[in-house]
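The values are calculated or read from the model by the stated rules, or taken from the named source; none is laboratory data. The shown structure was predicted, so the numbers you read here are calculated from the model rather than taken from an experiment. FYI the Cβ positions are ideal-geometry reconstructions off the backbone, even for glycines, and counts take in every protein chain you see. All accessible areas refer to the heavy atoms of the entire protein, side chains included, with ligands and DNA or RNA removed. Shrake-Rupley method; radii C 1.70, N 1.55, O 1.52, S 1.80 Å.
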Amino acid sequence: MVIAHLSDTHFDGDPRATDRARRVMDYLDALPGPLHAILVSGDIADHGLTPEYELARAHLVSTKVPVLLLPGNHDVRGNFREVLLGEAPGEGLGEGPVNRVVRVGGTVFALCDSSIPGRSDGLLEDGTLAWLDKVLARGAPTLVCLHHPPITVHEPTIDRIRLGQADRLAEVLTRHDNALAVLCGHAHTGATSTFAGRPVLVAPGVVSTLLLPWESTRVVDRDLPPALAFHVLADGRITTHYRVVP
């Protein structure tokens, strides 16, 4: 299985963000080889507005490959549900976590909502952790996907707003050998690490790139080209390649 993993498109109505996302999707659509799924790990919209999600739907979902979407801290749950998932918000549902299970072939994607409405840092609510525990208990090979990394990336701005209480996620993962990896975004930089004995694979940002403290005194570069990750899942092992999209 080959998975394209991108993140942080931040559609805001400005042609710049739209053009960068379109470049990535055109690149993926033109690939000659097989691609089985596209994961977009949060911050789809910049302000969570309905027109931003309409742009995202037009440019992210118009592809030959299943596109899996989950929310980040810039997203608004009700608008996300209504425009991108085609669900009526409903009383009480619109503001609840957007947790979904998607199966592609024999692999399960557990799409977890780590957003906290009105805040930039992340947290997996009690209900989300209980839900994830049940999903993993089914025993299928599972990729755990969320927006906020559960690890430090060694850039202070991002590390201040990473996933809080990550040890609670670790407790769930260590109970289930079928949790293959944690896939996330938020950091706007491609990064790899380990967490609870699993790989943590962070997708680069589409809209901009994080600069690390030893690279620059600036935090963000808006001129570097967008990038993405390719995850190859075979024989229970995940291998990741990072690509810049010119």
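Some observations on this one:
- Residue within the stretch 13-35 that is in contact with a Gly (Cβ under 9 Å, 6 or more places away or on another chain) and touching a residue at least 12 places away in the same chain (Cβ under 8 Å) present: no
- Scanning the stretch 65-78 for residues that are more than 17 Å from H5 (Cβ to Cβ) and open to solvent by 40 Å² or more (accessible area, probe 1.4 Å) yields H74, V76.
- Residue within the stretch 132-142 that is within 18 Å of the chain's Cα centre (by Cα), within 29 Å of L49 (Cα to Cα) and not basic (K, R) present: yes
- Test for G118: is it without any contact (Cβ under 8 Å) to a residue 24 or more places away in the chain, open to solvent by 10 Å² or more (accessible area, probe 1.4 Å), on the phi > 0 side of the Ramachandran plot and in a loop (DSSP other than H, G, I, E, B): yes
- Residue match in the stretch 152-164 (condition: charged (D, E, K, R), open to solvent by 50 Å² or more (accessible area, probe 1.4 Å) and at pLDDT 95 or above): yes
- Among the residues making up the stretch 121-173, a single one is within 22 Å of T9 (Cα to Cα), part of a helix (DSSP H, G or I) and touching a strand residue (DSSP E or B) at 6+ places or on another chain (Cβ under 7 Å): I158.
- Selection count, the stretch 205-246, where residues are among the basic types (K, R), at pLDDT 95 or above and in a strand (DSSP E or B): 1
- Verdict on L211 being in contact with a strand residue (DSSP E or B) (Cβ under 6 Å, 6 or more places away or on another chain) and surrounded by fewer than 17 Cβ atoms within 10 Å (Cβ to Cβ): no
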